[in-house]
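The values are calculated or read from the model by the stated rules, or taken from the named source; none is laboratory data. The shown structure was predicted, so the numbers you read here are calculated from the model rather than taken from an experiment. All Cβ positions, glycine included, derive from the backbone under ideal geometry; neighbour counts span all protein chains shown.
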Amino acid sequence: MMPVKTTCAYCGVGCGVLAFPDGSIKGDPEHPANFGRLCSKGAALGETVGLEGRLLAPRVDGVEASWDVALDLVASKFRQTIAEHGPDSVAFYVSGQLLTEDYYVANKLMKGYIGSANIDTNSRLCMASSVAGHKRAFGSDTVPGTYEDLELADVVVLAGSNLAWCHPVLHQRILAAQETRKLTIVTIDPRRTVTAETSDIHLALRPGSDVVLWNGLLAYVEAHGGLDSRFIVEHVSGENEALEAARGFTVEVVAAECGLEKQQVEAFYRLWLRHEKVVSVYSQGVNQAHDGTDRVNAIINVHLATGRIGKPGMGPFSVTGQPNAMGGREVGGLANMLAAHLEIGNSRHRKIVQDFWNSPVIATKPGLKAVEMFDAVADGRIKAIWIMCTNPVVSMPRADFVREALANCPFVVVSDIVADTDTNAVADVLLPATGWGEKDGTVTNSERRISRQRAFLSAPGQARDDWRIICDVAGRMAFDGFGFETAADVFDEHAELSGLAGLDFDISGLSGGDYDAMEPVQWPVSRARNGGRFFGDGQFYTNDGKARMLALVPRVSPNVVSEVYPFLLNTGRVRDQWHTMTRTGKSPKLNQHIGEPFVEVHPADALRLGLEPADLARVSSVHGQVIVRVQVTDRVGLGQVFVPMHWNGLTSATGRIDAVIAPVVDPVSGQPELKRTAVHVEKFQAAWFGFAVSRQEPMPKVEYFSKKKVSEGWAVELAGLTAADDWECFAREMVRTVDSEVVSYFDAGRGQARIAFVEGDQVMAALFVSREPVKAARAYLAGLSDLSLGDVLAGCAGMGRVDAGATVCACFSVGVNTILAGIAGGMVSVEAIGAALQAGTNCGSCKPELRGLLAAQRPAIAAE
Ligand code: SF4
């Protein structure tokens, strides 16, 4: 059984995947990103390729249409809008999940033929500050190091990165290295994430104080003789100003401003000083800030000042969120870049690109970045927009405003694989695209490694590859230059262009190669260079060849708390979901981990607000609100709350947290500050709570719901402000059952209702209602086929049944209750849990949580 070698659809680690004809998925043991490992999301890819919910034919105004009708309409509307209002009246909003070939032709069409640079990408939300920081420091958007450096380092600093959940395979590589040699892990994060719990040092700094911490490190290194003077003299400029700006940040000042103990700060600084091999990994916690670019440069400053860059086991290392954010950067998918890392503002670069494309025009000024782009949609400057492979009505800051803007935009096109999304709901034209497993192309991971995504399924319905859809529209707009026959043709052109300017990104050596057989390869690939690290030779891409250190003065975020909005909202990912859940939400396995949107609140704040675990809370800002489940935990600091970013308007009534986020952006990168908004938090005073399971997808109409796919149907959490007059009627409408027999139990005095819909001896659906949050053996009830009428009617909601609890190990469906029972029974290590319960023995994504559970139980066991 020969598998197809492809690449994971999710994060920027870019793991190699083997897809077998029987539908099974394994990690590719030969892929240099993962060497056979996969995390829980990658391992569940096979569960997400079904056709349920797919968009399989074009739709115009909600009605199925032929490709000819849809494409003619898109081309004519764009042509007409450009003719009447100019090229800047149209825009493309694209995605870091597009393949490089898709991205390349989209950028070519907008910048070389339409003549505008109004093409931006959801990668703007992910790593634009890293791009801007790289360019300020190196003169190019270059990631200097390789993944191997994380294993060779003596100290790995994880700044603003929940690596254990967001890039699990990289985290596993670091932990594996730690088992064989001494390697110290430092996590810098205001929140005590699972990553922080598995680190040697956790610096829970005050939100927004990152530049202070890194400036302090620079000052400390200088004061303790740690500068690499020779490297600085020969290869760095701006050092005097940067050092001068940092000098005031003594350990005492840093400790006070960052809200840390002086000893903690000193321990981190000493570690840096004593070990040459330090890698500083940074991710969204650094990038998604009003000063994200300064934070990136503050990190790079210290590496430049110590000459720790481009050598084995050392260097700054930006890790991207998305599978092809790097590919987008390479083709100019950001509004401020040209293709092949060339600059819009450089006339020589513009000429290179325009001559190569032989295109009628070339964009001469940067286009609108994501937040600006939707502002322009709202105020009418943009009159036609094409959104590809992304869901901005869920993921953009001020998402309700974005929805409103798109709803009022004269012409909105969306290419997607999914039929129903929050963004599709406001589109005039929907174009069905092929998805992972159906399309061919390349992606670039965080260490500059280009890998093939290969098709192993045929295109369903009328779905077409994105690059082909774009070329079809370009052809109908009477543009030549888009006559590509295959994805390989597009890649060849892209590779050839990259060799013309002599910049860092040069993959000209791949042009005309065997695309089908292409092995994962790290750029550059040219006559002059082949893979490896950048900048070890001290040569940078600035005019004078020297890297730049920047003088950084910490700036205060405009997102400040007030009496009305006294909490700082942080957002981020959970382990087993991806972006807006349109793919991972299809996997019952992945939904078992965390199946409901939540807000983490510090215990002291919860007490003050009258919030108890499992209550619901309203989190609101001037821009919007969500209602989410309360988790009382000291993972977050006092005055801080955390809500995950994934839930959309289809999986929850009010879980779109980006509706709450303020549209504050970093002035250099244009990246929104997704990790900080001042919010109000209050208890949602529900009159009733409910929990339901159903074989059919439930369609609740109620103030609060959150639903998820389970192995044999759906599970849904509910709450409302007024109790239903007729619970049977409410339940029947929600689970949409007509023929089933109804068996119910009511206790009006206690506000309880239990209703079962039964066919023969099978429970088709069940609803449990209570005045308090429903106590239920949820994991047990979700296995609908085991459910009996007795479970529904006797006692409450299956309590007393053996319930595995929330899933910790997604691969083997091992719940938290099972693990806790095992620990109480004498399992003292992750290995012992694995041996007895299998948890953690496949993908290993849950190992950090197993460690956390063991650590949390140790005091209790010791006390016995
Ligand atoms: Fe996919 Fe997980 Fe690898 Fe990321 S770490 S690429 S999500 S398997």
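Below are the figures for this structure:
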{"read-out": "Criterion: under 24 Å from THR184 (Cα atoms) and away from the ligand (no atom under 16 Å from the Cβ) - qualifying residue of GLY332, GLY310", "value": "GLY310"}
{"read-out": "Residues within region 229-259 that are buried (at least 21 other Cβ atoms within 10 Å of the Cβ) and within 18 Å of PRO190 (Cα to Cα), tallied", "value": "2"}
{"read-out": "Residues within region 190-248 that are within 23 Å of the chain's Cα centre (by Cα), of a type in the set (D, E, K, R) and either assigned to a helix (DSSP H, G or I) or under 14 Å from TYR269 (Cα atoms) (or both), tallied", "value": "2"}
{"read-out": "Matching option when the condition is of a type in the set (Gly, Ala, Ser), more than 28 Å from GLY637 (Cβ to Cβ) and modelled with pLDDT of 95 or more, among GLY160, GLY216, GLY133, GLY139", "value": "GLY139"}
{"read-out": "Counted residues, region 656-672 - those being out of contact with any Lys or Arg (no Cβ under 7 Å at 6 or more places or on another chain), more than 14 Å from SER621 (Cα to Cα) and assigned to a loop (DSSP other than H, G, I, E, B)", "value": "4"}
{"read-out": "Hits in region 633-642 - residues which are touching a strand residue (DSSP E or B) at 6+ places or on another chain (Cβ under 7 Å) and either under 25 Å from GLU372 (Cα atoms) or not in a strand (DSSP E or B) (or both)", "value": "THR633, ARG635, VAL636, GLY639"}
{"read-out": "Some residue of region 753-767 being of a type in the set (Lys, Arg) and surrounded by fewer than 22 Cβ atoms within 10 Å (Cβ to Cβ)", "value": "no"}
{"read-out": "Test: residue in region 597-618 that is under 30 Å from TRP436 (Cα atoms) and either more than 16 Å from the ligand (Cβ to nearest atom) or assigned to a loop (DSSP other than H, G, I, E, B) (or both)", "value": "yes"}
{"read-out": "Hits in region 332-362 (condition: touching a Leu at 6+ places or on another chain (Cβ under 9 Å) and within 15 Å of VAL105 (Cα to Cα))", "value": "GLY332, GLY333, ALA335, ALA339, ALA340, VAL353, PHE356, TRP357, ILE362"}
{"read-out": "Helices (runs of 4 or more DSSP H) wholly inside region 771-824 that include at least 1 residues being at pLDDT below 80", "value": "778-782, 789-793"}
{"read-out": "Among residues of region 309-344, those that are surrounded by fewer than 24 Cβ atoms within 10 Å (Cβ to Cβ), part of a loop (DSSP other than H, G, I, E, B) and not small (Gly, Ala, Ser), counted", "value": "4"}
{"read-out": "Verdict on SER116 being more than 21 Å from the chain's Cα centre (by Cα) and either small (Gly, Ala, Ser) or part of a helix (DSSP H, G or I) (or both)", "value": "yes"}
{"read-out": "Selection status of SER451, within 16 Å of the ligand (Cβ to nearest atom), outside any loop (DSSP other than H, G, I, E, B), at pLDDT 95 or above and within 25 Å of the chain's Cα centre (by Cα)", "value": "yes"}
{"read-out": "Inter-residue pairs, beta-carbon under 7 Å, first closer than 17 Å to MET518 by Cβ and in region 1-28, second of a type in the set (Val, Ile, Thr) and more than 15 Å from the ligand (Cβ to nearest atom), 6+ apart", "value": "ALA19/VAL4"}
{"read-out": "Extreme residue, nearest to the ligand (Cβ to nearest atom), among residues of region 167-213 that are among the hydrophobic types (A, V, I, L, M, F, W, C) and closer than 14 Å to ARG635 by Cα", "value": "VAL194"}
{"read-out": "Odd one out for THR364, checked against (1) without any contact (Cβ under 8 Å) to a residue 40 or more places away in the chain; (2) crowded, with 21+ Cβ neighbours inside 10 Å; (3) assigned to a loop (DSSP other than H, G, I, E, B)", "value": "(2)"}
{"read-out": "Number of the condition not met by ARG858 [criteria: (1) within 20 Å of ALA164 (Cβ to Cβ); (2) at pLDDT 80 or above; (3) not hydrophobic (A, V, I, L, M, F, W, C)]", "value": "(2)"}
{"read-out": "Residues of region 748-760 that turn out to be assigned to a loop (DSSP other than H, G, I, E, B) and in contact (Cβ under 8 Å) with a residue 24 or more places away in the chain, as a count", "value": "1"}
{"read-out": "Scan of region 476-512 for residues that are in a loop (DSSP other than H, G, I, E, B), crowded, with 16+ Cβ neighbours inside 10 Å and among the small types (Gly, Ala, Ser), ordered by number", "value": "GLY481, GLY499, ALA501, SER511"}
{"read-out": "Selected residue (criterion: surrounded by the most Cβ atoms within 10 Å (Cβ to Cβ)) from residues of region 144-166 that are within 18 Å of ALA128 (Cα to Cα) and within 16 Å of the ligand (Cβ to nearest atom)", "value": "SER161"}
{"read-out": "Residue within region 415-434 that is in a loop (DSSP other than H, G, I, E, B) and more than 26 Å from SER66 (Cβ to Cβ) present", "value": "yes"}
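Condition check ((1) in contact with a Leu (Cβ under 6 Å, 6 or more places away or on another chain); (2) surrounded by fewer than 24 Cβ atoms within 10 Å (Cβ to Cβ); (3) modelled with pLDDT of 95 or more) across all residues:
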| position | (1), (2), (3) |
| --- | --- |
| GLU563 | no, yes, yes |
| ARG573 | no, yes, no |
| GLN577 | no, no, no |
| ARG583 | no, no, no |
| ASN591 | no, no, no |
| GLU600 | no, yes, yes |
| VAL622 | no, yes, yes |
